[in-house]
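The values are calculated or read from the model by the stated rules, or taken from the named source; none is laboratory data. The model shown is predicted, which means the values in this text are computed figures rather than measured ones. Cβ sites come from the backbone with ideal geometry, for glycine too, and all protein chains shown count toward neighbours.
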Amino acid sequence: MKKSILSIFLVLFAFSFVNAQETVYVLKDKKTKKNRINTDRTVEHMNVLKYDPLQTITGEVKFSFERVLSQKTSLEVSLGPTLDGLSSFRAFNGFSFVSEGRLGMVAELGYRFYPLDDTPALNRLYVSPVVGWKIYNSRFNPDDNFYPGLESEDFNRQRGFFTFNIGMQSWLAKSFSIDYYAGFGLAMLRENNFFISEIYNPETEIFETSLVKNSFNSNVFQFKLGVKVGIGWTE
């Protein structure tokens, strides 16, 4: 899976780089109010609305909105639902459970700085610290063939994170952008889980089963790749 994501990322990077070198389009100069030929692949939009299709692989349907703050900076807000698997089978203690995906949420906030000379915000290379939070919800339904009468239980995974992103935003047309990035940082995980407890009852001579809930926290290193396609406009 990781190799597939990396391959898609590299193909899109190469495509946007080649297109950026070859395409020329016309923009209106804000000062003179006249059309001019743009050959450096920069635009003067103030807003971009984006979607990151690669993140659907990890269960995120995330949309982003980027707004220019100054000549070299911008703010990006990302929101969307998460879905932790539509239908999958997971084994606990050797038996099968049906995992029913439920809606969760992802939210991110990033501050961007575009360091290259003679390129305004929303164009080319940028660096961006990002903070975010996401939650995945699921319900596990025990197989009645193994555990008749055992009730379903809700399960969730939460992740709060900080990443430092490095990316490139290119404009393939006057109002169409592609934004590819890599990020690394730290994440704090909290997972609510459960396990099957089986206790032998000598009076009934059967094993009595129940689901016992538990939770744990951990800190992990986080790395991610993404590609956002966007539509830009001015005021």
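For the reader, a short list of remarks on this structure follows.
- The residues in region 193-205 that are in contact with a strand residue (DSSP E or B) (Cβ under 9 Å, 6 or more places away or on another chain) and at pLDDT below 80 can be counted, and the count is 6.
- Of all the residues in region 159-213, those that are part of a strand (DSSP E or B) and among the acidic types (Asp, Glu) number 4.
- Residue match in region 175-188 (condition: in contact with a Gly (Cβ under 8 Å, 6 or more places away or on another chain) and more than 22 Å from Leu116 (Cα to Cα)): yes
- Residue identified as modelled with pLDDT of 75 or more, within 30 Å of Ile199 (Cα to Cα) and out of contact with any Cys (no Cβ under 6 Å at 6 or more places or on another chain) among Phe113, Phe140, Phe97, Phe146: Phe140
- A single member of Phe176, Phe164 is of a type outside the set (S, T, N, Q), touching a residue at least 24 places away in the same chain (Cβ under 8 Å), surrounded by fewer than 17 Cβ atoms within 10 Å (Cβ to Cβ) and under 22 Å from Glu108 (Cα atoms), and it is Phe164.
- Some residue of region 52-60 being modelled with pLDDT of 95 or more and either not charged (D, E, K, R) or not in a strand (DSSP E or B) (or both): no
- Single match in Asn214, Asn201, Asn193, Asn219 (criterion: free of Cβ contacts under 8 Å to residues at least 60 places away in the same chain and surrounded by 14 or more Cβ atoms within 10 Å (Cβ to Cβ)): Asn193
- Extreme residue, farthest from the chain's Cα centre (by Cα), among residues of region 211-229 that are under 30 Å from Asn47 (Cα atoms) and of a type in the set (Lys, Arg): Lys228
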